[in-house]
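Before any comments, here is the structure.
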Amino acid sequence: MEFLQYAAPAAAFAFVAGWFVAQNLVKQKVAVAEQQRHAADEEIAEARLKVATAKKDALLEAKEEQHKLRQELDQESRERRLELQKSERRVSQRDEQLDRRQQNVDKRDRNLQQRETQLKNTEDELEAIKLQQLQELERVAQLPIETAKEMLMARVEEEMGREVALRIRELEESARQEADQRARKVVTMAVQRCAVEATAESTVAVVPITSDEVKGRIIGREGRNIRTFEQLAGVDLIIDDTPEAVVVSCFDPVRRQIAKVALGNLVADGRIHPGRIEEVLNKARNEVGQRMREAAEKACLESKVSGLAGPVMDTLGKMLFRTSYGQNVLWHSVEVSVLAAMLAAEVGADVNVARRAGLLHDIGKGLDHQIEGTHVEIGVELLKRGRESAAVIHAVAAHHEDLVKPETVEAVLVIAADAISSSRPGARRDMFETYVQRLTQLEAIADSFKGVEKSFAVQAGREVRIIVKPEDIDDLMSVKLARDVAQRIETEMQYPGEIRVTIIRETRAVDFAR
């Protein structure tokens, strides 16, 4: 009981003490919070003060910048205003000048109108005087004006016609001499500088043998060797009574060359039988193919041409064994390339186009035994597939002037270089029948013209000299006759180079002293 009696007051005391302690703790926390709030208020006030200060500074800077910009704008506007004032003064001055000029022009127009009126009146007076004079002349001469004009014009035409013809002939002769001298100089320089060795040659398809006994081995037992060789090589062997020689016949020059090389190797080796023939032919094909490739590369090197397509190079090599009138076509093409390039350099044309077209102008001759058509058409088609330039293809197509006409300087130069190479002495060998036929045709064309007494083809057909009847052909008609004969020769004949037409007219007076 006593414990209970004392426990209740103790508990009450403890409760009161705890309450007071809790109250103190709460007050302490409230005091701390209050201090923190005061500190935060001070920071906020300080921040607001800083913001206000920064705002004030920014406003001041903005006002200063605005003031500065306003001053610059004012200065710029003043300068523009001054420029506008100057421009206005200049425009005003120009307007005044134009007004003064317009006044002067108007004044001149009035003066011109007055002069035109005076001139018209003067012309009318002169026309009236002229009419009176003509009427007076008609009365005195008793001849109408139109008739007098016709008589005067006829007499003037008669007197001036001969003088005009003489003047024309003098001008033509002077131009011809100057052109001949210039052309001769250019061509001579090009030919002298051309170092290409291109002599006339012929692909002789004759294989020499040591004795007639070898012919029997070539024929073989029952002709099996010769049949095998002809079938594999695609040629014909002609073994006749010609001593120590076997002739290889074939329209394809490459196959003929392969057969010639193979037969020569067989004869030199002495072993001739079908198996050996096939082996030697294969080696000969490789050997000839290598020769053609080397020849094509050498031709490109000597003519300074590069970048040709593969098929074009192969065809160029085949031209090594192609001849035209005894002239090797490949080395003729190299010579044309060099000459065309030199001529182009002399006259200021495109040297590269002339050089390339000169080398390729006869490229079709390497395939004309395999493809139908002229060598010009074949060559043009091959170059188109080889993606050659249009200028080169045109020069190749026009080098005989039959497929197309030359339209560029380079095409004309290729024609000239081709004529120089093919017509120089020793370059080609014509057959005797062709030579005689050309001379006969030349003389026949010349004799067909009226007034021709006799004609002679001289200098191997390079010139035709025509003797005319002096009573039928005068000096002026001789010039026209020479031109007509030359044009007809160009139309009806085909020939390398050029043919000179010379008209000879002479008058002989004969008398006898007795």
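The values are calculated or read from the model by the stated rules, or taken from the named source; none is laboratory data. Computed from a predicted structure; not experimentally measured. FYI the Cβ positions are ideal-geometry reconstructions off the backbone, even for glycines, and counts take in every protein chain you see.
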Requested in this report: For segment 322-353, enumerate the residues that are touching a residue at least 60 places away in the same chain (Cβ under 8 Å), under 15 Å from His375 (Cβ atoms), assigned to a helix (DSSP H, G or I) and not β-branched (Val, Ile, Thr).
Outcome: His332
Requested in this report: Please tell me if Thr408 is closer than 30 Å to Arg256 by Cα and either outside the structural domain of Arg285 (by TED's automatic domain parsing) or among the hydroxyl-bearing types (Ser, Thr, Tyr) (or both).
Outcome: no
Report summary line: Taking segment 298-328 and keeping only residues that are surrounded by 24 or more Cβ atoms within 10 Å (Cβ to Cβ) and among the aliphatic types (A, V, I, L, M), one is left with Leu316, Met319, Leu320
**Report entry** Residue among Ala268, Ala259, Ala299 that alone is farther than 17 Å from Leu237 by Cβ, assigned by TED's automatic domain parsing to the domain that holds Val414 and part of a helix (DSSP H, G or I)
**Finding:** Ala299
Query raised in the report: Counting only residues that are over 18 Å from the mean Cα position of the chain (by Cα) and at pLDDT below 80, how many does segment 370-402 have?
Result: 5
Requested in this report: Filter segment 492-510 down to the residues that are farther than 18 Å from Ala416 by Cα and either surrounded by 15 or more Cβ atoms within 10 Å (Cβ to Cβ) or modelled with pLDDT of 85 or more (or both), then identify the one that is nearest to the chain's Cα centre (by Cα).
Outcome: Glu492
Report task. Looking for whichever is closer than 30 Å to Arg217 by Cβ, in a helix (DSSP H, G or I), aliphatic (A, V, I, L, M) and modelled with pLDDT under 85 here; the options are Val280, Val248, Val254. Which one fits? Result -> Val254
Query raised in the report: Which of the residues that make up segment 343-364 are more than 21 Å from Arg387 (Cβ to Cβ) and buried (at least 24 other Cβ atoms within 10 Å of the Cβ)?
Result: Leu343, Ala344
